[in-house]
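The values are calculated or read from the model by the stated rules, or taken from the named source; none is laboratory data. For clarity, every value in this text was computed on a predicted model and none was experimentally measured. Cβ: placed from backbone, ideal geometry, glycine included. Neighbour counts: every protein chain shown.
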Amino acid sequence: MVSDHGAAQVLKVLVASAVSARRIEWSQALQKVAILHEALDRPMVEQKLATLKPVILLLDLSLPDLHGQKSFAEIQKVSPSTRIILLTKTPTETEGTSMLEAGAKGYCSTEMDPVLLVKAVKMVQKGEVWVGRKVISHLLDTLVSLTEQHRNRSLPQEDPSLDGLTPREKEIVQQIGGGSSNKEIAYHLHVSEKTVKAHLTSIFRKLGVSDRLHLALYVNGHRPSMR
Amino acid sequence: MPTITVVVADSDKRRLSACMSLLRSTRGIKVVATGRSVREAVETTRHQPQIFLLDLKMTRTNDAPAIPLIRTKSPKTQIILLTGNASGARVLNGIAQGARGYLDAKMLRRFLTKAIRAVAAGESWVSRAMVGKLIDQLARLMAQETSPGRA
């Protein structure tokens, strides 16, 4: 068993593309920093991954028989320790985000400057991630909307047992369910804390709960099943 | 190129004035308001600035949730967090709430105007190390998804 110590490790890189010009370009760029191996198709990629266990795989997404996240996961499974950098002629923010989420350590253009490619490989070797700025922005957008979805999921939007409440009271119940304080709710709804407290008193009475903790429990216990 | 409007909201007086003096002399960037508390910060959203420099301390959850408030009141405003030696978790949380970047106090001189321009242009300003954490967080959220719509 070879030790995992980065310093003593030989940087083994598997370059996989069906396009010979790309294999040559990438190999030339990396020849000074890595021991290179090549693969021309998917079976060869998997076979070499299994036997060589390279540190890094540069994988051209135009390789035949690659189908999105699923293929990626299958390839990753052959050698889980290998860090995979994906290259595509037409990088898109959505594909980049979904591939990173699946575990890719890099996502870039096949036309990338060889100097940058070396930098990317070194970064990924160090355990960092290499992606373009646009992909990062998209990643942030996705993260924000997922976080929001997640938060909303615990809110009782269509709970019929809240029917007796006014729209304002429902808003407040949602926020209590999400863990907000009176002060936060007041800020959010642009009213005073006193007003929030008055609403709460009315909500407690209508729902028959004694305090905000019970309200939060009530609300979260009545979470609607999503889809 | 049109001027980028900026609000600086910082509870740290020295950092606030450091930002001000860095931006005062910068062409194409104009500070339209400043604030020293969350309340003041939220009030400045009436200027609908393009960029909001926000003290990370002001985003604490036991206080008012500044980031969602700013985003609700001024949807086109992009937030950049001003961090001290902040923990990654809190920065991450700020980004998950919608901040588009963050700057360590030590980096202001070198990167403040660059970060403002990048974020105003629709990009983000986060370190590579943070990108890794964001991806992990994203993957965690994705894993919790039931997501019947996705193949």
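Are any residues in the range A:32-64 polar (S, T, N, Q) and in contact (Cβ under 8 Å) with a residue 40 or more places away in the chain, and if so, which ones?
A:62
Could you run through the range A:31-43 and say how many residues are buried (at least 16 other Cβ atoms within 10 Å of the Cβ) and touching a strand residue (DSSP E or B) at 6+ places or on another chain (Cβ under 6 Å)?
5
Output the residue which, of all residues in the range A:86-130 that are surrounded by fewer than 16 Cβ atoms within 10 Å (Cβ to Cβ), β-branched (Val, Ile, Thr) and in a loop (DSSP other than H, G, I, E, B), is nearest to the other protein chains (Cβ to nearest Cβ).
So, considering only residues that are surrounded by fewer than 16 Cβ atoms within 10 Å (Cβ to Cβ), β-branched (Val, Ile, Thr) and in a loop (DSSP other than H, G, I, E, B), the one nearest to the other protein chains (Cβ to nearest Cβ) is A:92.
Can you give me the number of residues within the range B:90-128 that are within 9 Å of chain A (Cβ to nearest Cβ), without any contact (Cβ under 8 Å) to a residue 24 or more places away in the chain and of a type in the set (A, V, I, L, M)?
Residues that pass the stated criteria total 1.
Take residue B:89 and decide whether it is among the hydrophobic types (A, V, I, L, M, F, W, C), in a loop (DSSP other than H, G, I, E, B) and closer than 25 Å to residue B:132 by Cα.
no
Any residue that is at pLDDT below 90, within 20 Å of residue A:106 (Cα to Cα) and aliphatic (A, V, I, L, M) - is there at least one of those in the range B:121-132?
Checked the range B:121-132: at least one residue is at pLDDT below 90, within 20 Å of residue A:106 (Cα to Cα) and aliphatic (A, V, I, L, M).
Within the range B:70-80, is even one residue farther than 19 Å from residue B:22 by Cβ, surrounded by fewer than 24 Cβ atoms within 10 Å (Cβ to Cβ) and over 14 Å from the mean Cα position of the chain (by Cα)?
yes
In the range B:111-124, is there at least one residue being under 25 Å from residue A:131 (Cβ atoms), of a type in the set (Ser, Thr, Tyr) and either crowded, with 22+ Cβ neighbours inside 10 Å or in contact with a His (Cβ under 8 Å, 6 or more places away or on another chain) (or both)?
Yes - at least one qualifying residue is present in the range B:111-124.
Considering only residues that are within 17 Å of the chain's Cα centre (by Cα) and without any contact (Cβ under 8 Å) to a residue 60 or more places away in the chain, which ones fall in the range B:13-27?
B:16, B:20 - these are the residues of the range B:13-27 that are within 17 Å of the chain's Cα centre (by Cα) and without any contact (Cβ under 8 Å) to a residue 60 or more places away in the chain.
Go through the range A:79-116 and count every residue that is aliphatic (A, V, I, L, M) and over 22 Å from residue B:142 (Cα atoms).
The number of residues fulfilling the criteria is 4.
With the checklist (1) outside any helix (DSSP H, G or I); (2) surrounded by fewer than 16 Cβ atoms within 10 Å (Cβ to Cβ) in hand, flag the one item residue A:21 doesn't pass.
(1)
Of all residues in the range A:167-217, count the ones that are of a type in the set (Ser, Thr, Tyr), surrounded by 14 or more Cβ atoms within 10 Å (Cβ to Cβ) and over 16 Å from residue B:68 (Cβ atoms).
The number of residues fulfilling the criteria is 2.
Would you mention how many residues in the range B:28-63 are within 14 Å of chain A (Cβ to nearest Cβ), under 14 Å from the mean Cα position of the chain (by Cα) and either more than 22 Å from residue B:14 (Cβ to Cβ) or modelled with pLDDT of 95 or more (or both)?
Residues that pass the stated criteria total 2.
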